[in-house]
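Asker: The structure under discussion is supplied below as structure tokens; questions concerning it will follow.
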Amino acid sequence: MDLNQLLYRHQISLMRADAAASPEARRSHLGLADGYADRITELQRAHGAETAEVTA
């Protein structure tokens, strides 16, 4: 997955967490967002870019 796809999925996960109907769904979407944030950071480091803090 490229950086733009990861950023998109991260943002969608955050929006879905915000709109979640239950605490379980919110935690699930935030967990996905955390995973995407980790992958974004890894990809940026692999390409020698300075990383911005990406959080859920």
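The values are calculated or read from the model by the stated rules, or taken from the named source; none is laboratory data. Predicted model only: the values in this text are computed from it and were never measured. Ideal geometry is used to build each Cβ from the backbone, glycine not excepted, and the neighbour counts take in all protein chains shown. We work out accessible area using only protein heavy atoms, side chains counted, and drop any ligands, DNA or RNA first. Shrake-Rupley method; radii C 1.70, N 1.55, O 1.52, S 1.80 Å.
Asker: Among R16, R39, R27, determine the one that fluctuates most according to a GNM of the chain built with springs between C-alpha atoms less than 10 Å apart.
Answerer: Comparing R16, R39, R27 in the GNM, the peak value goes to R27.
Asker: As I understand it, the value is the acute angle between the Cα axis of helix 3-18 and the longest principal axis of the Cα atoms of the chain; what does it come to in degrees, rounded to 10?
Answerer: Result, in degrees: 20.
Asker: Next question. Tell me the label-point distance for the pair L43, A25, using the 7 Å Cα-to-Cβ offset, in nm and rounded to one decimal.
Answerer: Spacing of the two 7 Å Cα→Cβ label points: 2.7 nm.
Asker: Measure nothing but the geometry: give the 0 to 90° angle between the long axis through the Cα atoms of 23-46 and the longest principal axis through the Cα atoms of the chain, rounded to 10°.
Answerer: The helix 23-46 is inclined about 0 degrees to the chain.
Asker: Quick one: how many Å² of L32 are accessible to a 1.4 Å probe, rounded to 10?
Answerer: Approximately 90 Å² of L32 is accessible to the 1.4 Å probe.
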